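Encoded as C-alpha cells, the structure appears first; notes follow it.
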Amino acid sequence: RTMCDRHDHFVYACDLGTDEILTYTLDHKTGGLTPASPKSSHVPAGGGPRHFALSPSGHFAYVNNEMTSSVTSFKVDGRSGALSEIQTISTLPVGGAPHNSTAELLIHPSGKWLYCSNRGHDSIAVYACGHDGRLSLVEIAPARVTEPRGFAIDPTGRWLVVGGQNSNDLTSQAIDPNTGKLSPTGHRVKLSKPVCVVFTNPENQ
C-alpha cells in the first residue's frame, strides 16, 4: 500500500522484495515524485513489508511484515520523512502457526489501537498504540472467516468488517471503545472471494 503523510509532503511505498519502505517527496504542482533523502528505511531482513499505516498525529508509522508475521513501528521525522525503527512485534501467539502470512493493517480512527490480519492462523492481532509509538498486544482475536485478506474499520470506529477470501463471506465485529477488543456481532453476508473492504460516504458521491 502507498500512503501520503498527513501534510501530503511525503509518499511511502512498501517494497516486499527488498524489505524497504521507500520515501518520496511529492510535488504539489505536478504530482510528481522524487526520492527523498534518505530514500528508504528497512524492516528486519526477510520481513516482506506489505501495508503501511500512519498514526493520526503523523508522528509514528506501522508496517506489517507479510513473511515473518510481525509488525514494525517507526518514528517519523516530519522534516525529512525519514523513518526510525522503534520495535518489531509478532502477530501470532506463542507457538505461532505453521503456515501464516499477514495481510491487512489499519489503525483505529482514535489512534489508540492497531489491527493486523493473519492468513493461515485466521485471526486479527490487536495492539494498543503507546504515546512513544511502541505497540503492546491486546489480543489475537478469531477473524471468524477463512483467509482474512482484507478488512475495514467504519468511520465511527465502532465496527470492523472482515472479508474471508476462502470462506466467501463478510462478517462484522464490534470494537470495544475502552479496550479495542473485538467481539462478533453475528452478522454475515455471503460474497465470492472478497479481498478488499472499503467504507464510502454516500453523501460525498
Is the shape of the stretch 98-205 rounded, prolate or oblate, going by the alpha carbon gyration tensor and its root eigenvalues a ≥ b ≥ c, with a/c under 1.5 for rounded and a/b larger than b/c for prolate? oblate
Tell me the net charge near N166. Cut-off is 11 Å between Cβ atoms, N166 excluded, with +1 for each Lys or Arg and -1 for each Asp or Glu. 0
Probe radius 1.4 Å, ligands and nucleic acids ignored: give me the carbon and sulfur share of the accessible area of the stretch 54-115 as a rounded percent. 56
Of the candidates G46, I175, I86, the farthest towards the positive dipole end of the chain (Lys/Arg Cβ +1, Asp/Glu Cβ -1, centred on the Cα centre) is I175
Leaving ligands, DNA and RNA out of it, work out the accessible area of V197 with a 1.4 Å probe and give it in Å² to the nearest 10. 30
Förster radius 35 Å - calculated FRET efficiency between S84 and D154 (Cβ-Cβ, nearest 0.05): 0.65
Please list H108, H131 from largest to smallest accessible area, probe radius 1.4 Å, with all protein chains kept in place. H131, H108
Ignoring ligands, DNA and RNA, how do D169, D132, D176 rank by accessible area with a 1.4 Å probe, largest first? D132, D176, D169
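The values are calculated or read from the model by the stated rules, or taken from the named source; none is laboratory data. Fair warning: this is a prediction, and the values are worked out from it, not measured in the lab. Note that we place each Cβ from the backbone using ideal geometry, even for glycine, and neighbour counts take in every protein chain shown. Surface accessibility is based on the protein's heavy atoms, side chains included, excluding ligands, DNA and RNA. Shrake-Rupley method; radii C 1.70, N 1.55, O 1.52, S 1.80 Å.
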